[in-house]
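**Student:** Sharing a structure with you now.
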Amino acid sequence: MNTAVLKPIAIGSALVLALVGTGLWIGSSLAPAPTPHSSVESDSAAANETDADSDDSAPNAADIPATVVATTSEQEMLVYLVEEEKLALDVYTTLENLWGSRVFERVSRSEESHQDRVASLLFAAGVADPRSSDVGVFQNDELQALYDSLIAQGSASETAAFEVGVAIEERDIADITEMLTTVTEPSIVAVLESLRAASENHLAAFTRQLD
């Protein structure tokens, strides 16, 4: 009489147990190797995300002093800057919804934290926040016109949308560089320098999309 023996038998990438001599399969003890996911990001995409998020070392809202002594010109500058940061966020959010490009989503997240820092400076300086809660609405007429123009340009194509990103970051860098020539309050200087560094990273991320 044949005696059934339990033995592991490899079939492809699976390992099954069989009662040799009976033809009875007991089951699998090793699942097939998973198929690589088709949506694994390229090195370029990963680099874009690094550029978009590489301002983590910047002072956040919690690091802003409770009270900031700002001159009248510094207060006016902060009022303009917080709306300029809102413009970047609103444009990127709108274009991300339109084109679905991940670089806009990543940079938008960073821009939101930038707004928080500038808004914290406004609060610490005792200045009212001019921002509207509505997307694409600005108190400053120049920024309102700029927003409308950038949305029209970025809606033409995805490439045009990336060009809008480049234009916004180049403008931010130029504006902040000019602001740094007159600002003396240390906490404001620290935030401005961090925002400029972040804008340089964002500029690199958008520029890479156009290469």
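**Student:** Being outside any helix (DSSP H, G or I), within 18 Å of VAL191 (Cα to Cα) and β-branched (Val, Ile, Thr) is the filter here, so list the residues in the range 117-137 that pass it.
**Tutor:** Hit for the range 117-137 is VAL127, nothing else.
**Student:** Can I ask one more? Any residue at all in the range 147-164 that is closer than 28 Å to PRO65 by Cα and in contact (Cβ under 8 Å) with a residue 12 or more places away in the chain?
**Tutor:** The answer is no, given that none of the residues of the range 147-164 is closer than 28 Å to PRO65 by Cα and in contact (Cβ under 8 Å) with a residue 12 or more places away in the chain.
**Student:** Still on this structure, I have one more. Considering only residues that are assigned to a helix (DSSP H, G or I), farther than 12 Å from TYR92 by Cα and not small (Gly, Ala, Ser), which ones fall in the range 138-157?
**Tutor:** Within the range 138-157, ASP141, GLU142, LEU143, GLN144, LEU146, ASP148, GLN153 qualify.
**Student:** While we're on this one: Report whether or not VAL183 is surrounded by 17 or more Cβ atoms within 10 Å (Cβ to Cβ), free of Cβ contacts under 8 Å to residues at least 60 places away in the same chain, of a type in the set (A, V, I, L, M) and not in a helix (DSSP H, G or I).
**Tutor:** No, not satisfied.
**Student:** What are the residues in the range 186-211 that are at pLDDT 95 or above and not in a helix (DSSP H, G or I), if any?
**Tutor:** none
**Student:** Can you tell me which residues in the range 114-137 are polar (S, T, N, Q) and loosely packed, with under 15 Cβ neighbours inside 10 Å? Steps first, answer last, please.
**Tutor:** Kept after step one, since they are polar (S, T, N, Q), are these residues of the range 114-137: 115, 120, 132-133.
Answer for the range 114-137, where residues must be polar (S, T, N, Q) and loosely packed, with under 15 Cβ neighbours inside 10 Å: SER132, SER133.
**Student:** Tell me whether the range 111-131 contains one or more residues that are touching a Lys or Arg at 6+ places or on another chain (Cβ under 9 Å) and of a type in the set (Lys, Arg).
**Tutor:** Checked the range 111-131: at least one residue is touching a Lys or Arg at 6+ places or on another chain (Cβ under 9 Å) and of a type in the set (Lys, Arg).
The values are calculated or read from the model by the stated rules, or taken from the named source; none is laboratory data. The structure presented is a predicted model; accordingly, all values stated were derived computationally and were not measured. Neighbour counts run over all protein chains shown; Cβ positions are idealised from the backbone, glycine included.
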